[in-house]
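Peer 1: Here you go, one structure.
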Amino acid sequence: SMLYVNGKETPYRPDMPLAHLLEELGYDTKRIAVERNQEIVPKSQYETTRLEEGDHLEVVRFVGGG
């Protein structure tokens, strides 16, 4: 099954939670924001959000600074 992460076709397992996909892709979930099909996904829902064929995810990394 395929979905899109930042415009790039990405394989995933059906019914995989968003949190697991982010881990597999090497994202630190504490330092990112995720938009799924143009809607922000609250961090509290990463474990319960089930991915579907053709989903479009935009992952934005927060850059620390000071």
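The values are calculated or read from the model by the stated rules, or taken from the named source; none is laboratory data. The shown structure was predicted, so the numbers you read here are calculated from the model rather than taken from an experiment. Glycine also receives a Cβ, built like all others from the backbone with ideal geometry; neighbour counts cover every protein chain displayed. Heads up: the accessible areas ignore ligands, DNA and RNA and are worked out on the full protein's heavy atoms, side chains in. Shrake-Rupley method; radii C 1.70, N 1.55, O 1.52, S 1.80 Å.
Peer 1: Could you give the accessible area per residue of the chain, probe 1.4 Å, as a whole number in Å²?
Peer 2: Working: 4470 Å² over 66 residues.
Per residue, the chain has an accessible area of 68 Å².
Peer 1: Note down the relative contact order for the chain as a percent, whole number, built from C-alpha pairs under 8 angstrom at least six residues apart.
Peer 2: On the way: 101 pairs, mean separation 28.6, N = 66.
The value is 43 percent.
Peer 1: If you don't mind, another one. Could you give the length gained by full extension between LYS30 and GLU47, i.e. 0.36 nm per residue of separation minus their alpha carbon distance, to one decimal place?
Peer 2: Values: separation 17, 0.36 × 17 = 6.12 nm, distance 1.34 nm.
Result for the pair: 4.8 nm of gain on full extension.
Peer 1: Put a dot 7 Å past each Cα toward the Cβ at GLU58 and LYS8; how far apart are the dots in nm?
Peer 2: Going by the 7 Å Cα→Cβ label model, 1.8 nm.
Peer 1: Select from PHE62, MET16, SER1 the residue farthest towards the positive end of the dipole of the chain; place +1 on Cβ of Lys and Arg, -1 on Cβ of Asp and Glu, and compute about the Cα centre.
Peer 2: The residue sitting farthest along the positive end of the dipole is PHE62.
Peer 1: Which of rounded, prolate or oblate describes the chain when judged by the alpha-carbon gyration tensor and an a/c cut-off of 1.5? Could you put the intermediate results ahead of the total?
Peer 2: Values: a/c = 1.77, a/b = 1.57, b/c = 1.13.
Prolate, because a/c is 1.5 or more and a/b exceeds b/c.
Peer 1: Okay, moving on. So, taking all protein chains as they sit and a 1.4 Å probe, how much accessible area belongs to VAL59, in Å² rounded to tens?
Peer 2: Per-residue accessible area (VAL59): approximately 20 Å².
Peer 1: What net charge is computed for the residues neighbouring GLY54, neighbours being all others with C-beta under 13 Å from the C-beta of GLY54, Lys and Arg scored +1, Asp and Glu -1?
Peer 2: Details: positive: ARG36; negative: GLU9, GLU52, GLU53, ASP55.
So the surrounding residues net to -3.
Peer 1: Can you pull the percent of the chain's accessible area that's carbon plus sulfur, 1.4 Å probe, other chains left in place? Walk me through the intermediate numbers first.
Peer 2: Values: 2160 of 4470 Å².
Within the chain, the accessible surface is 48 percent carbon and sulfur.
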